[in-house]
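J.: I'd like to ask you about the structure that follows.
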């Protein structure tokens, strides 16, 4: 293995011989330069792993040398060493993306620590992360066999996401594969939990917050005496929220973050209509038949969200000045950005943003999106890139300047489907890949949760004999006709409508303006 090569630049280099001998004894290679210009000449001749750079030198100063170094090799780590503690020097050095900053006099251990932070950091972090997850793996495995409440499932899912985000940063595919297998097992157990408990949630006072109780339970208490922006990002998984949380935190501080549960099917027409109406799908069909549409009805299924919201506000006796916007294109987003100042006096502004849902559907239909969102890590990265450059981010910044409270939530999540499950139905059977509703459905019993009496889970009966089935884990429904083509087309795409941690346990985040 090649020695790590250090270039040490200091006009008083002779005084540093003890430090240099110390590093050489630790098996580092150290080349010295008495000035900034000599250092630049050295860099033209050979490669170095890191540079220690004195700030106060005659001729080219340390900051001037740093600027030239970065032009030659922007990725080369530079540790600035200075006698001065003046803030502007630190600011300039840090602004130039130095790896570390040390104040003279430095001792050998400080130098060694700086080297490890700058060059060995990824290996040390990797080793520590792997060791920590190995410990946590055993605890999670034990928890999986004992979990018996929705609160414990929400906690466990957040724990799995935490480790997924930690492990994706290190180069240990073996550990990541272990985590993936643990997520599969967690979804197996979660499906059993939902199968057993879900019907009771509609009649129990101890039920989790569900789509139709979200507004009354969670949103309304935040509206007192505070102008609020409620953003519902369609199809936003918990890990995708965490991907762009840091960007939002530059403008807002988090007051609370609580997971809630999407109703079944975890699909927009059911879950999002339930949020705005404050009603279950069965109640929506009975109370607002002109606004509710079943799967086999023609036309858009979410065209009356504003009307549903207005009816809910009236039912709750909330006299608010409010507006509702649905953004499904860049043009609509930019228009709202330009006119958002008009929302200053509103008690409540609701924005439904459809980008993530469009992204998941585009992944199915466009090869370029399949490449860009090939797995969960890439899917998160793409979501972050979108958010940072979106009109939604502009709107959130404007809301912060107006002093508005911010609530970010979603209607349901999504899952990367891997395995097909054969299903047979008639022409009236719904088309969704993660749930089906219709008559005479034939399916693999172990792979679905079946609701033969939909009213038991607050779903409308499309026909007298119709039922619902929901795919578990990472399964997707495929018809026997043209089976191989169908499977090849939809495998490894993001779908929703079924039962999984990713689809059902979703974020509700309240933030206050900084």
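Taken together, the values in this text are just the output of simple stated rules run on the coordinates, not laboratory data. All values reported here derive from a predicted model rather than from experimental measurement. Ideal geometry is used to build each Cβ from the backbone, glycine not excepted, and the neighbour counts take in all protein chains shown.
J.: Under the definition of Cα pairs under 8 Å and six or more residues apart, what whole-number percent is the relative contact order of the chain?
T.: 16 percent
J.: Beta carbons within 10 angstrom, averaged per residue: use that to sort the peptides 71-80, 229-238, highest first.
T.: Going by the mean number of other Cβ atoms within 10 Å, highest first, we get 229-238, 71-80.
J.: Going by C-beta contacts inside 10 Å, put 349, 129 in order with the fewest on the left.
T.: 129, 349
J.: Order these peptides, 20-26, 314-320, 411-417, 302-308, by their mean beta-carbon neighbour count within 10 angstrom, highest first.
T.: Descending mean neighbour count gives 411-417, 302-308, 20-26, 314-320.
J.: Helix 305-315 versus the longest principal axis of the chain: what angle, 0 to 90°, nearest 10, using Cα atoms?
T.: Rounded to the nearest ten degrees, it is 70.
J.: With angles folded into 0 to 90 degrees, how steeply does helix 238-248 sit against the dominant principal axis of the chain? Use alpha carbons for both and round to 10.
T.: Here the helix axis deviates by roughly 50 degrees.
J.: Still on this structure, please answer the following. Among 288, 19, which comes first, second and so on when ranked by fewest other beta-carbon atoms within 10 Å?
T.: 288, 19
J.: What is the packing order of peptides 464-471, 499-506, 134-141, taking the mean over residues of other C-beta atoms within 10 Å and listing the highest first?
T.: Listed from highest to lowest mean packing, they are 499-506, 464-471, 134-141.
J.: Classify segment 416-502 as rounded, prolate or oblate, taking a ≥ b ≥ c as the square roots of the eigenvalues of its Cα gyration tensor: rounded when a/c is under 1.5, otherwise prolate if a/b is larger than b/c and oblate if not.
T.: Oblate.
J.: Additional query: If you average the sequence gap of Cα pairs under 8 Å that are 6 or more apart and divide by the length of segment 5-119, what percent do you get for the contact order?
T.: It comes to 25 percent, rounded to a whole number.
J.: Return 388, 159 ranked ascending by Cβ neighbour count within 10 Å, so the fewest neighbours appear first.
T.: 388, 159
J.: Mean separation of Cα pairs under 8 Å and 6+ residues apart, divided by the residue count of segment 122-200: what relative contact order is that in percent?
T.: 39 percent
J.: Please give the calculated 222 nm ellipticity per residue for the chain, where each DSSP H segment of at least 4 residues contributes -39500 (n - 2.57) and the sum is spread over every residue; nearest 500 deg cm²/dmol?
T.: Helix contribution divided over all residues of the chain: -13500 deg cm²/dmol.
J.: Sticking with this one: Using only Cα atoms and rounding to the nearest 10 degrees, what angle (0 to 90) does helix 36-45 make with the longest principal axis of the chain?
T.: Helix 36-45 sits at roughly 70 degrees to that axis.
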